[in-house]
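Participant: So that we are looking at the same thing, I have put the structure below in structure tokens.
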Amino acid sequence: MKFLDKKQIEEDFRKGMQNKEFQVYLQPKFDTKTEKIVGAEALIRRNKQGTFLLPQAFVPSYEKTGVITKLDVWVFDQVCKTLKRWIQKKYKLLPISVNESRRHLYHKKHVQELERIINYYHIPAQFIELEMTESAVVNNIEVAKEAERKVHQIGFVVSMDDFGTGYSSFHMLRQIEIDVLKIDKKFSDQVLEDETGKIILESIIQMAKRLHIRTVAEGIETKEQVAYLKQIGCDWIQGYYFARPMPIPQFEEIYLKPKKEE
Ligand code: C2E
Ligand code: MG
Ligand code: MG
């Protein structure tokens with residue numbers, strides 16, 4: 001999307017919604033030891049007149065203009081609707097994480113809106129995890145603390161996405177109470193060849209254990225990485241090795257529907 005101004009981007013979003021171009025995909029997360037499914041992350045996709053778009057094609061411009069708040073509320077609503085359906089169909093209830101843009105988590109109104117939606121669908125808040133990026137926290141620690149207290153009060157799980165990509169990750173850990181650390185793909189990428197990378201990753205996992213924070217390794221693509229993460233005690237794994245993000249009906253088909261007896 002080149003050189004569009006705020007009005008055009010808002011219009012583009014409105015049209016996309018009107019034409020039902022947005023779709024929430026789910027990528028499963030697995031327990032490292034048992035390799036059983038334990039949760040999922042909601043990731044936005046768009047099918048714009050036959051062209052399949054990943055978030056990188058539209059999320060940055062939505063963030064710049066603030067349109068992202070509307071999109072994230074919509075994603076949150078879709079996720080609650082999905083959990084509601086799982087409850088009604090008596091499927092196994094898995095927690096789902098949603099990405100929260102740094103733009104809006106600190107707006108009291110936004111958090112109130114999320115609370116209103118879970119109450120509307122009667123979803124227990126602990127089945128929803130809010131993923132924030134550390135940059136969002138680092139930029140304004142006081143406001144971030146306040147937001148974290150409020151979302152914890154409601155009962156949401158709080159996770160730090162892309163851990164290790166910012167410059168004040170450790171300072172942030174002292175300031176904000178978080179439940180989950182999502183370790184960025186770049187830590188797991190070269191870890192098998194690189195002794196320094198191994199030492200850092202193992203130390204992050206040890207530290208998280210002592211702080212009672214769950215670790216989730218993102219972007220895991222090989223069996224060697226899985227074996228290594230098992231060995232060093234990383235709790236959960238999310239990555240192409242197990243499964244790519246997929247449309248919700250496909251996710252339900254593979255992971256939730258009771259299998260018919262042969
Ligand atoms: P993220 O939250 O860190 O999400 C993980 C990204 O890694 C996803 O990219 C996922 O498809 C990708 N991934 C997972 N496993 C693997 C793997 O094994 N290998 C590789 N190469 N990639 C893997 P995706 O879906 O393109 O999303 C990119 C980013 O866009 C997300 O990063 C998140 O920051 C943002 N995003 C996605 N959906 C939303 C949304 O609904 N709202 C907001 N505000 N941001 C979103
Ligand atoms: Mg994420
Ligand atoms: Mg991430």
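Participant: So which of Lys108, Lys150, Lys92 is basic (Lys, Arg), in contact with a Leu (Cβ under 9 Å, 6 or more places away or on another chain), away from ligand 1 (no atom under 16 Å from the Cβ) and touching a residue at least 12 places away in the same chain (Cβ under 8 Å)?
Facilitator: Working: Lys108 fails: in contact with a Leu (Cβ under 9 Å, 6 or more places away or on another chain); Lys150 fails: in contact with a Leu (Cβ under 9 Å, 6 or more places away or on another chain).
Checking each option against the conditions leaves just Lys92.
Participant: So, one more: Yes or no: the stretch 166-174 includes at least one residue that is at pLDDT 95 or above and away from ligand 1 (no atom under 15 Å from the Cβ).
Facilitator: There is no residue in the stretch 166-174 that is at pLDDT 95 or above and away from ligand 1 (no atom under 15 Å from the Cβ).
Participant: Mind checking which pairs have a first residue in the stretch 54-73 that is of a type in the set (S, T, N, Q) and a second that is more than 7 Å from ligand 1 (Cβ to nearest atom) and part of a loop (DSSP other than H, G, I, E, B), Cβ under 7 Å, 6 or more apart or different chains?
Facilitator: Short answer, once both residue conditions are applied: Ser61/Met1; Ser61/Leu4; Thr69/Arg103; Thr69/His104.
Participant: Take the residues in the stretch 175-195 that are modelled with pLDDT under 90, farther than 26 Å from Ile96 by Cα and surrounded by fewer than 19 Cβ atoms within 10 Å (Cβ to Cβ); name whichever of them is nearest to ligand 3 (Cβ to nearest atom). Before you say what the answer is, go through the steps one by one.
Facilitator: Let us first name the residues in the stretch 175-195 that are modelled with pLDDT under 90, namely 175-176, 186-194.
Remaining after also requiring farther than 26 Å from Ile96 by Cα: 190-194.
Remaining after also requiring surrounded by fewer than 19 Cβ atoms within 10 Å (Cβ to Cβ): 190, 192-194.
Details: Gln190: 17, Leu192: 20, Glu193: 22, Asp194: 20 Å.
Selected residue: Gln190.
Participant: Which condition number in (1) touching a residue at least 40 places away in the same chain (Cβ under 8 Å); (2) away from ligand 1 (no atom under 13 Å from the Cβ); (3) among the acidic types (Asp, Glu) is the one that Asp161 fails?
Facilitator: (2)
Participant: Follow-up. Being surrounded by 18 or more Cβ atoms within 10 Å (Cβ to Cβ) and either in a loop (DSSP other than H, G, I, E, B) or within 16 Å of ligand 2 (Cβ to nearest atom) (or both) is the filter here, so list the residues in the stretch 95-113 that pass it. Steps first, please.
Facilitator: Going residue by residue through the stretch 95-113, those that are surrounded by 18 or more Cβ atoms within 10 Å (Cβ to Cβ) are 96-106, 110-111.
Scanning the stretch 95-113 gives Ile96, Ser97, Val98, Asn99, Glu100, Ser101, Arg102, Arg103, His104, Leu105, Tyr106.
Participant: Please state which of the following conditions Gln153 fails to meet, knowing it meets all the rest: (1) under 16 Å from Tyr106 (Cα atoms); (2) within 16 Å of ligand 2 (Cβ to nearest atom).
Facilitator: Failed condition: (2).
The values are calculated or read from the model by the stated rules, or taken from the named source; none is laboratory data. It should be emphasised that the depicted structure is a prediction, and the values quoted were computed from it without experimental measurement. So basically every Cβ, Gly included, is an ideal-geometry build from the backbone, and we count neighbours across all protein chains shown.
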